[in-house]
Amino acid sequence: MPSTRPEHPGDPSGRQDLVGLRERLAALWCELLGLPAVGPTEDFFALGGHSLLATRLATRIRTELGLPVTMEQVFTHPTTAGLAQALGAEQSGVDPSEADPTAAEPIRHLPRTGHDLPLSFPQERIWLLQRLVPHTTAYNFQCALTLRGALDVPALEAAYTEIVRRHEILRTSFHEVAGRPVQRVHPPFAVLLPVQPVPGATEAERRAALPELIRQALADGFDTGKLPLVRWRLLRLSATEHVLVQVEHHFVHDGWSLGVLLGELVTLYRAAAAGRQAELPELEYQFGELAAHTRAEIAGPRLERELAYWQRKLAGLPALLELPLDRPRPPRQSFAGAVHKELLAPGLYEELKALGRDCGATLFMLLSAAFSTLLHRVSGSTDVLTATGVANRRLPQSEPLLGMFVNTLPLRTDLSGDPSFRELVARVRAATLELYAHQDAPFEKVVAVVRPDRDLSYNPLYQVMFSFHDAAVPDLELAEDEDQDEADGGGPGTAGGGPGTAGGEPGTDGGALRAELELLHNGTAKADLNVIVVPRPEQRAGLGVQRPGGGLVGAPDDGVLIWWEYSTDLFDPETVAALAGHYQALLRAIVADPNRPVSRLDLLDAAQEAALRAAGSGAQRPWPEGELVPAAIAARAAEQPAAAALVAADGTVWSRQRLNDAAGRIAARLRALGVQPEDRVPLVLPRGPQGIAAQLGVLRAGALYLPLDPEQPAERIAALITDCEPALAVTTAALRAMLPGDWRTVEELLADGELADTGWELVPAQAAYAIYTSGSTGRPKAVTVTHAGLANLVGWHRERFELTEADRVAHLAGLGFDASVWEVYPALAAGATVLPVPEEVRRDAVALRDWLVEQRITVSFAPTPLAERLLALAWPADTALRYLLAGGDRLRRRPPAALPFTLVNAYGPTEHTVVASSAAVAAEGTGLPSIGTAVDNTRLLVLDAAGRPVPPGLPGELYLAGPGVARGYLGDPARSAAAFRPEADGPPGSRMYRTGDRVRLRRDGELDFLGRVDQQVQVRGVRIEPGEIEHVLLRHPAVAAAVVVLRGEGEGAALAGYVVPGEAAAGLDPAELRGFLAGRLPLHLVPTAWAILDALPLTASGKPDLAALPEPTGGRRAAEPLGTAAERRVAEAWSAVLGAPVEDRNADFFALGGHSLAGYQVMAALAPGAPLRLLFEHPTVAELARVLAETTGSSGGPDGEGAAAEDPTAGLSDAEIEALLAAWDGAPTEATEEMQ
């Protein structure tokens, strides 16, 4: 096969030594790739080579040709001619031990039977968990072989017996000697496979019963101190179909081992069935010898160099990759998991392979780059780290062995600068080659030297794994049918037929026997997300298998299988299935155009984008084209002139006719004063009938009103008046004297006169009002809203809340805030009565509740913080209130189940006519309430930074489109153009508003609000959502109001909690609040500083005034000398284990370099009966000393009177211990290569 890249082998005649080297390289290639011959310019990777085979090639070149070679050279020069030239030019002056870290010392044979040997590094970490929880199944590997055909059970038993004899690891037990783990080899034993019939009278009944039998076979753990650490169960479905369930402990298994075991099984079974001796060479070394050799080789200066590299490589790494979780993280991982499986879309494999060859990258590098792109798109992070597994079998002597060799290492991907995918592949290729060059550092030692922040809720360094299961798996044809030729389907091209394709009873010969391999999942997840790619064609590379039609190894068809293993604590199955779909869509986009920037690669197809648009659209109604609001209010007056429209603070009732007449009189006088359509008329008026009449009069005059809060300083009011360039300004007689400039009074405009309201004809596109909002630059912005937007709001509200003339609606918001528009105009247009809330009641939750009840209010708005206070109060069951409408801030409290009215959470910026979406809030549910679905005629668009639609479940920025979108900012075209943009794929002339809010679309069509794009809170690289913390705080029975903010910067940044106690609460203690949160949230979400307040300071709009919050107490603690004797004992124990003095009572065990094994030793020394969890949850000297005294009655050390239990995990479940250990030292290394 010709190479896809140019090579320059130099002089075509070639020197004799280069020709000889090229021939020796070609011989190695043929052996590894299973090919009869290789041309000098044929590409190693185009011929089927991949990363694992490239590693083996480099090892063979070092050991058999004696040449120093790096993985970089193998990838850069993938032809025999090119590599020979490169090696020939670089041989001189190179220290082989530098290029080949495995070549320093020869492997020594060790006495094994009856002698104790050390564990490999991966085994050692598994041992710790197994020592604590002897019967856990978390470290079992399981698979099933479906055997179709004539099974010879004695031959199968003989094959497995021989495998046990050949591989000492399968007859090894594990023990603790002097506080350290050792492995102990035992003599061979015979494997017996009693056949267990699957119960059932019919085939259907037997197949239905099979899953339960398999589940039972997987249920038990292993006692690692006893043999065997592998077991089998042979289940008989029929005379020609059996299922062999194989369960192994990860002490004796990794992904490579599976291929070795199956290969030997095929060879040995065939020989035993034929009554002959198998031709398998004896193993030169055993696992225990290589484990001891590897530990010795990686020690000393070499390990220091490796760890120094990783410390540099991982500097500044974000602590947590933010994934689109379906629910908040629990305080501790349970590691409960599930798996979603799917095949790569047909045809993609070959296209991806071709692209990889063009990029000079393997399939792993290409798929890893694509996966990092997906993570970048769903998290927004340009610094993405995934963990991946390396086979760790660079010694050729390890290739034929079973055992746990695989190591986990972090692969960090830089996506900054929005590279093209082709550029990203080059970055990933370079990072991967670096990883290969530094793959010998044990993962747990990498964690210890990097010292990431520790939190029980997630793994350190990484939360996502991307693994390639490309170790060779042989063809599983255990016996051929001697009476059936290949033309009938009995040759190597078949996949193993079902019943009828082979005959014979167990124990007979002459029939075909094929096995189909299925790897089984065990219901765990060692990370948030673990993607495992099984490239079945690459598993055959090097086996020399040339099967017609490309049939699968042991399976009916070809393909690349992808497992998406996920934590069920965090993800729903639908979310993971969607991520898998986005990954495939991304891969299709990549092969279509690899030069496109990663931000513009499609995650959705056209049909999915159309479905998203429909999901974010509100109901289509004729509101904007129907009756405009002034006309609707006039119509209600004509229908029932005497009906009440408004009730003043002094109890005076304004009828509909009185309001209509007042508005008409004001409109007529404004026109007489020269006010023209869309002239600007500022109103500085208090809440009440006069203010509402003035607004309505301006609307009827065709002008737009600008309501200004009279409580603002006079200087600010004057500045706003100047900014808006008004035709005239209106206030009250009482306020005019306090305001600078020339003002008209509302009393003048309402004076009796003969002027008639002839009216201007209003049109939907005409401006109705403008409301000032604060700008990020300090300059206020006047948002201009049209009559179409106002009509749409009123029409939707009347329909949604079933407003009638019988309703009594509270008017709480000041006229300078757009919420007042929502309160007043829908009610007046429906003929309901509006009642302004008395000033003395507006901000007092108890007084407001009493007023709402006394006045028989049916619908009321309240700013979100005030609404949350109202929810905490008791309400009479017979209250007239039907709806409480909350808005203006993030809602963090759900209503109690017995609440006698409906709580509605509304969302909408001023730039979208008050409300864009809403939802009734259910009492049940653990997460924050959503902001609901779109109001009528409104489109909610969730877009990424490149303006592309974001799939459901993923965070994006919210854009709003429809008639509610404001015209822009008054007199500020530049800011208007930045915020209001043409709507892509919208109706002609449609515009959309960029909100700056982060949201995500849920599967039920509602939106979750995630916070502001430009105000994301981060603590040491971890994004914090204060609303989640506040939501949990408000579930405390003694907390009436709460807010959480970030105090400080950089390493000194810390969360601070501000809490207002409830009516009946007394003596609320920050320690109690910390404990309450620690039992419900991850540690990084628990504030370290607190303040207990009588009330939260509020802004004029009713939101918490964060700038006015006082300084809290507490925070990050400075170094302090050891105090009590208990603290000194704890510090001494730490010093003994960590090898360094500990003198600070606030020192953190894990920040000092402690890890789970060291933690085990510390707790064993301090209090053998105490739960290991205590150290994880109280990691400072002072905290551990205190909690040991409280929980065990021990001050630490041998003199204490701790509990007498032997097991230091008392009080922990298996899942909790598993979570603790994995969280502190990273997920188990074998998980990166195994499907568990």
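For the stretch 574-630, filtered to residues that are of a type in the set (Ser, Thr, Tyr) and assigned by TED's automatic domain parsing to the domain that holds Leu415, the residue that is farthest from Asn937 (Cα to Cα) is Tyr583. When Ala919, Ala906 are screened for being surrounded by fewer than 22 Cβ atoms within 10 Å (Cβ to Cβ), touching a Ser or Thr at 6+ places or on another chain (Cβ under 6 Å) and in a strand (DSSP E or B), only Ala919 passes.
Here is a yes/no grid of residues against (1) within 26 Å of Ser120 (Cα to Cα); (2) within 39 Å of the chain's Cα centre (by Cα):
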{"position": "Gln183", "(1), (2)": "yes, yes"}
{"position": "Ala190", "(1), (2)": "no, no"}
{"position": "Ala201", "(1), (2)": "no, no"}
{"position": "Ala209", "(1), (2)": "no, yes"}
{"position": "Leu218", "(1), (2)": "yes, yes"}
{"position": "Phe222", "(1), (2)": "yes, yes"}
{"position": "Leu229", "(1), (2)": "yes, yes"}
{"position": "Trp232", "(1), (2)": "yes, yes"}
{"position": "Ser238", "(1), (2)": "no, no"}
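Within the stretch 696-715, residues that are in contact (Cβ under 8 Å) with a residue 12 or more places away in the chain and within 20 Å of Glu839 (Cβ to Cβ) have Cβ atoms under 9 Å from residues that are surrounded by fewer than 24 Cβ atoms within 10 Å (Cβ to Cβ) and of a type in the set (Lys, Arg) in these pairs: Leu708/Arg716, counting only partners at least 6 apart in sequence or on another chain.
Restricting the stretch 248-283 to residues that are surrounded by fewer than 22 Cβ atoms within 10 Å (Cβ to Cβ) and of a type in the set (Gly, Ala, Ser), the residue that is farthest from Leu517 (Cα to Cα) is Gly275. Taken over the stretch 928-957, the residue count meeting the criterion of being of a type in the set (Asp, Glu) and assigned to a loop (DSSP other than H, G, I, E, B) is 2.
Residue pairs whose Cβ atoms lie under 8 Å apart, separated by 6 or more positions or on different chains, with the first residue in the stretch 317-340 and part of a loop (DSSP other than H, G, I, E, B) and the second among the aromatic types (Phe, Trp, Tyr), are Leu320/Tyr458; Leu321/Tyr462; Leu325/Phe571; Asp326/Phe571; Arg329/Tyr458; Gln333/Tyr458. For Thr146, the test of being assigned to a loop (DSSP other than H, G, I, E, B), surrounded by 18 or more Cβ atoms within 10 Å (Cβ to Cβ) and either of a type in the set (Val, Ile, Thr) or at pLDDT 95 or above (or both) is failed.
Sub-9 Å Cβ pairs linking a first residue in the stretch 388-400 that is acidic (Asp, Glu) to a second residue that is surrounded by 19 or more Cβ atoms within 10 Å (Cβ to Cβ), at least 6 apart or interchain, are Glu399/Arg56; Glu399/Thr59; Glu399/Trp256; Glu399/Val260; Glu399/Arg393, ordered by first then second residue.
When the stretch 813-830 is filtered for residues that are in contact with a Ser or Thr (Cβ under 7 Å, 6 or more places away or on another chain), of a type in the set (A, V, I, L, M) and in a loop (DSSP other than H, G, I, E, B), only Ala813 remains. Kindly indicate the residue of the stretch 875-894 that is modelled with pLDDT of 95 or more and assigned to a loop (DSSP other than H, G, I, E, B) and also surrounded by the most Cβ atoms within 10 Å (Cβ to Cβ) among those meeting that condition. The selected residue is Leu881. Taking the criterion of being surrounded by fewer than 19 Cβ atoms within 10 Å (Cβ to Cβ) and among the basic types (Lys, Arg), the residues of the stretch 610-651 that qualify are Arg613, Arg621. Looking at the structure I just gave you, is Arg427 in contact with a Phe, Trp or Tyr (Cβ under 7 Å, 6 or more places away or on another chain) and either outside any strand (DSSP E or B) or at pLDDT 95 or above (or both)? Against the criterion (in contact with a Phe, Trp or Tyr (Cβ under 7 Å, 6 or more places away or on another chain) and either outside any strand (DSSP E or B) or at pLDDT 95 or above (or both)), Arg427 does not qualify.
Looking at Arg215, Arg165, Arg180, just one residue is of a type outside the set (Phe, Trp, Tyr) and modelled with pLDDT of 95 or more, and that residue is Arg165. For the stretch 19-67, the set of residues classified as farther than 16 Å from Gln539 by Cβ, outside any loop (DSSP other than H, G, I, E, B) and touching a Phe, Trp or Tyr at 6+ places or on another chain (Cβ under 8 Å) consists of Trp29, Leu57, listed by residue number.
Of all residues in the stretch 371-420, those satisfying the criterion of being part of a loop (DSSP other than H, G, I, E, B) and of a type in the set (Ser, Thr, Tyr) are Ser381, Thr382, Ser416.
Might you check whether a residue that is under 15 Å from Ala916 (Cβ atoms), among the β-branched types (Val, Ile, Thr) and surrounded by 21 or more Cβ atoms within 10 Å (Cβ to Cβ) occurs anywhere in the stretch 945-962? The answer is no; no qualifying residue exists.
When the stretch 963-990 is filtered for residues that are over 14 Å from Pro909 (Cα atoms), touching a residue at least 40 places away in the same chain (Cβ under 8 Å) and either under 32 Å from the mean Cα position of the chain (by Cα) or assigned to a helix (DSSP H, G or I) (or both), the ones remaining, listed by number, are Arg975, Glu983, Asp985, Gly986. Within the option set Arg656, Arg716, Arg669, being at pLDDT below 95, touching a helix residue (DSSP H, G or I) at 6+ places or on another chain (Cβ under 7 Å) and in the same structural domain as Arg744 (by TED's automatic domain parsing) holds for one residue only, Arg669. Across the stretch 226-244, a minimum of one residue is classified as part of a loop (DSSP other than H, G, I, E, B) and hydroxyl-bearing (Ser, Thr, Tyr).
The values are calculated or read from the model by the stated rules, or taken from the named source; none is laboratory data. None of these values were measured; they are calculated from a predicted model. When we count neighbours, we look across all protein chains shown, and the Cβ atoms used for this are built from the backbone with ideal geometry, even at glycine.
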